[in-house]
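> Here's a structure for you.
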Amino acid sequence: MAKLKKLDTEIAKLIELETDRQKNSLQMIPSENHCSPAVREALGSILTDKYAEGYPGKRYYGGNQIIDMVENLCIERAKKAFGVPFVNVQPYSGSPANFAVYLATCEPGDTIMGHNLPDGGHISHGWKVNITSKIYKSIPYHVKKDGYLDMDEIRKLALEHKPKLMWCGATAYVREFPFEEFAKIADEVGAYFVADIAHISGLVIAGAHKSPVPYAHIVTTTTHKTLRGPRGGMVMVTEKGLKKDPELGEKINKAIFPGGVQGGPHEHQISAIAVALGEALKPDFKKYGKQIVKNAKVLGQELVKNKVKIVSGGTDNHMLLIDLTDISAGRGVFLSDALDIAGITVNKNMIPQDPSSPFYPSGVRLGTPAITTRGMKEKEMKIIATWIAKTVEEIKKYQLPTEKEERIIYLRNFRKEIKVNKELKKISQEVLKFCKKFPLPK
Ligand code: DSN
């Protein structure tokens with residue numbers, strides 16, 4: 001930062017402030033993590049200066065001899081990490097990766113099936129406001145009241161609508177994905193089965209979650225969640241996928257470039273993904289992935305002990321969903337804002353069959369990837385659970401007004417009050433002290 005500090009004090013200051021925020025509070029948004037300084041060095045490298053449209057050995061620009069080696073190395077590491085024969089590492093992030101899958105496998109108007117967004121699904125799997133539901137006929141499937149995917153409904157919908165493509169994957173699902181059951185249904189109706197493992201890809205590499213590779217035709221992922229790399233995305237084709245269509249890899253490549261999903265690849269980002277994959281291939285990463293899940297399970301048990309209700313009563317992965325409907329609907333915003341004051345960063349989230357709306361959901365989503373990176377273990381989860389439970393107590397008296405116009409004023413007053421709430425202030429001081437024992441990766 002020495003040059004930046006001299007040349008652009010404003011941005012340098014803001015980066016310092018954000019570093020302090022991350023250092024002095026607990027990052028518990030389950031899709032976030034702290035990548036290593038080595039990953040950040042590659043990301044901030046001179047590779048950002050290079051245009052490389054095309055693929056290794058087939059570029060539209062000169063001077064890509066080294067870049068080709070970078071991208072090939074990243075591809076080889078990804079193939080090894082996931083055990084797949086084909087990988088494209090160019091997607092800027094998860095949504096472009098997913099869009100490329102549609103372009104490679106579907107025609108406009110084809111039917112697709114995905115996990116309903118309010119039930120924890122991802123926007124790019126055919127949610128009504130997303131472009132994917134405008135180009136394709138989207139049939140959403142749901143989870144049951146207990147938080148598990150409703151496999152009977154999924155089979156019934158698949159037999160009825162005969163989708164061309166079926167997604168399995170979510171942003172807020174706490175149970176193990178039943179890849180094998182999905183594959184059976186997709187095979188029965190002749191659909192492409194695509195597993196979006198954005199949240200769990202690090203767990204899959206670590207052996208802490210079942211791999212979709214034997215079951216799916218295509219696997220997509222982001223690279224910055226449990227995988228602990230820079231922001232980015234990947235599309236993989238499995239042996240099963242190549243058996244269904246030997247041209248599938250080529251079709252994915254064409255969809256990403258020049259098919260229209262994106263332009264020149266971000267080779268600095270690809271080099272940083274390669275570094276993260278190199279880290280993920282080391283034995284320590286297996287311990288890390290398993291610890292993420294152990295931590296999440298203990299955190300869930302402790303929350304329940306402290307009378308905080310969680311969706312599905314526990315978790316199989318890195319994530320938990322707090323269900324606040326017992327108190328009243330639409331209060332996720334109160335808890336996420338109050339936890340922020342207490343020094344614990346989470347996000348408000350819908351819960352299955354949420355009686356409220358996406359902007360005022362009834363739950364909070366939290367997870368353990370980033371705090372596990374800092375070295376926290378089961379003992380620390382017990383402490384964090386008591387802080388969360390105490391914060392839940394502090395918001396119990398607040399009720400979301402039913403009239404939309406009243407909500408803004410009510411929330412403004414709520415935010416003023418929690419800023420001076422003594423209990424939250426006390427927790428934030430304890431969190432600050434606690435954080436000093438667990439530095440960010442150096
Ligand atoms: N925004 C990501 C998440 O938080 O899960 C999904 O795209």
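> Hey, if you drop one equal point scatterer on each alpha-carbon of the stretch 112-162 and run the Debye formula without solvent, what base-10 log of I(q)/I(0) do you get at q = 0.22, 0.23, 0.25, 0.26 Å⁻¹?
Log10 I(q)/I(0), no solvent term: -0.75, -0.81, -0.91, -0.96.
> Which order do Glu302, Glu10 fall in if you start with the one that has the fewest other Cβ atoms within 10 Å?
Sorted ascending by nearby Cβ count, the order is Glu10, Glu302.
> For the chain, modelled as a GNM with alpha-carbon contacts under 10 angstrom, which of Ile256, Ile11, Ile384 fluctuates the most?
Comparing Ile256, Ile11, Ile384 in a Gaussian network model of the chain, the most mobile one is Ile11.
> Same structure, new question: Once the principal axes of the Cα atoms of the stretch 286-391 are found, what is the range along each, listed largest first in whole angstroms?
On the principal axes, the stretch 286-391 reaches 39, 26, 23 Å in Cα extent.
> Dividing the convex hull volume of the Cα atoms of the stretch 139-292 by its residue count, what figure in Å³ per residue is obtained? Present the calculation step by step, with values, prior to reporting the outcome.
Details: hull volume 18.4 nm³, N = 154.
So the per-residue hull volume is 119 Å³.
> Tell me what the chain gives for mean residue ellipticity at 222 nm when only DSSP H runs of n ≥ 4 count, each as -39,500 (n - 2.57), the sum divided by the residue total, rounded to 500 deg cm²/dmol.
Details: 18 runs with 209 residues, N = 442.
Rounded to the nearest 500, it is -14500 deg cm²/dmol.
> P(r) for the stretch 234-282: what percent of alpha-carbon pairs falls in each 10 Å bin, starting at zero?
All Cα pairs, binned at 10 Å, distribute as 22, 36, 37, 5 percent.
> What residue among Gly169, Gly330, Gly264 shows peak mean-square fluctuation when the chain is described by a Gaussian network model with Cα springs under 10 Å?
Taking springs between Cα atoms under 10 Å, the residue moving most is Gly264.
> When the dipole is taken about the Cα centre of the chain, and only Lys, Arg (+1) and Asp, Glu (-1) are charged at their Cβ, what size is it in debye, to the nearest 20?
1460 debye
> Let me ask another. How high is the relative contact order of the stretch 187-305, in percent, with contacts defined as C-alpha pairs under 8 Å that are six or more residues apart?
Relative contact order of the stretch 187-305: 25 percent.
> Once the principal axes of the Cα atoms of the stretch 109-215 are found, what is the range along each, listed largest first in whole angstroms?
That works out to 38, 29, 25 Å along the principal axes.
> Shifting gears a bit: Give the cross-link partners of Lys396 among the aspartates and glutamates, using a straight C-alpha distance below 17 Å as the criterion and excluding same-chain residues fewer than 8 apart.
Asp323, Asp326, Asp337, Asp340, Glu417, Glu423
> Where both residues lie in the stretch 134-263, what percent of DSSP beta bridges are antiparallel, nearest 5?
So the antiparallel bridges in the stretch 134-263 amount to around 45 percent.
> Another question, if that's okay. Count the lysine pairs in the stretch 1-88 that are 8 or more places apart or on different chains: how many have C-alpha atoms under 22 angstrom apart? Numbers along the way, then the final one.
Working: Lys3/Lys13; Lys3/Lys50; Lys5/Lys13; Lys5/Lys23; Lys13/Lys23; Lys50/Lys58; Lys58/Lys79.
Lysine pair count for the stretch 1-88: 7.
> Also: How much of the pair distance distribution for the chain lies past 39 Å, counting alpha-carbon pairs only, in percent?
It works out to 22 percent of all Cα pairs.
> Rank these for me by crowding, Arg407, Arg365, going from fewest to most other beta carbons within 10 Å. Walk me through the numbers on the way to the answer.
On the way: Arg407 17, Arg365 26.
Fewest-to-most Cβ neighbours within 10 Å comes out as Arg407, Arg365.
> What per residue convex hull volume, in Å³, do the alpha-carbon atoms of the stretch 316-442 yield?
On the way: hull volume 14.7 nm³, N = 127.
Here the figure is 116 Å³ per residue.
> Moving on. Compute the Kirkwood hydrodynamic radius of the stretch 211-358, taking the inverse of the mean of 1/r over all pairs of distinct Cα atoms, and give it in Å to one decimal.
On the way: mean 1/r = 0.0532 Å⁻¹.
Every distinct Cα pair counted, the radius reaches 18.8 Å.
> Now a separate question. In whole Å and largest first, what semi-axes does the C-alpha gyration tensor of the stretch 27-162 yield when each eigenvalue is scaled by 5 and square-rooted?
Semi-axes from the Cα gyration tensor: 35, 20, 14 Å.
> Still on this model: Order of 223-233, 19-29 by packing, highest average Cβ count within 10 Å first? Don't skip to the end; give the middle numbers.
Working: 223-233: 27.1, 19-29: 17.3.
Taking the mean over residues of other Cβ atoms within 10 Å, the ranking is 223-233, 19-29.
> Measuring from label point to label point, each 7 Å out along Cα→Cβ, what is the Lys5 to Gln65 span in nm?
Roughly 3.8 nm, to one decimal.
> Any idea which of Ile427, Ala274, Pro163 is furthest toward the positive side of the dipole for the chain, if Lys and Arg beta-carbons carry +1 and Asp and Glu beta-carbons -1?
Going by the Cα projections, it comes out as Ile427.
> Let me ask something additional. What is the order of Cys168, Cys35, fewest Cβ neighbours within 10 Å to most?
Cys35, Cys168
> Using all Cα-Cα distances in the stretch 1-105, what percent lands in each 5 angstrom bin from 0 up to the longest?
2, 9, 11, 17, 18, 14, 14, 9, 4, 1, 0
> For the chain, modelled as a GNM with alpha-carbon contacts under 10 angstrom, which of Asp284, Asp323, Asp110 fluctuates the most?
Looking only at Asp284, Asp323, Asp110, the largest GNM fluctuation is found for Asp284.
> Holding the Cα-Cα limit at 30 Å, pick out from Lys128/Lys348; Lys348/Lys382; Lys404/Lys426; Lys348/Lys379; Lys137/Lys243 the pairs that are longer than that.
Distance filter (> 30 Å) returns Lys404/Lys426.
> Quick check: net charge around Ser356, other residues with Cβ under 13 Å of its Cβ, Lys/Arg +1 and Asp/Glu -1?
Working: positive: Arg331, Lys348, Lys404, Arg407; negative: Asp323, Asp354.
That works out to +2.
> Report the net charge of residues surrounding Ile139, where surrounding means a beta-carbon distance below 14 angstrom and charges are Lys +1, Arg +1, Asp -1, Glu -1.
Summing Lys and Arg as +1 and Asp and Glu as -1 gives +1.
Read-outs throughout are calculated quantities, based only on the coordinates presented, and are distinct from any laboratory measurement. Just so we're clear, the structure is a prediction, and the values are computed from it rather than from any experiment. When we count neighbours, we look across all protein chains shown, and the Cβ atoms used for this are built from the backbone with ideal geometry, even at glycine.
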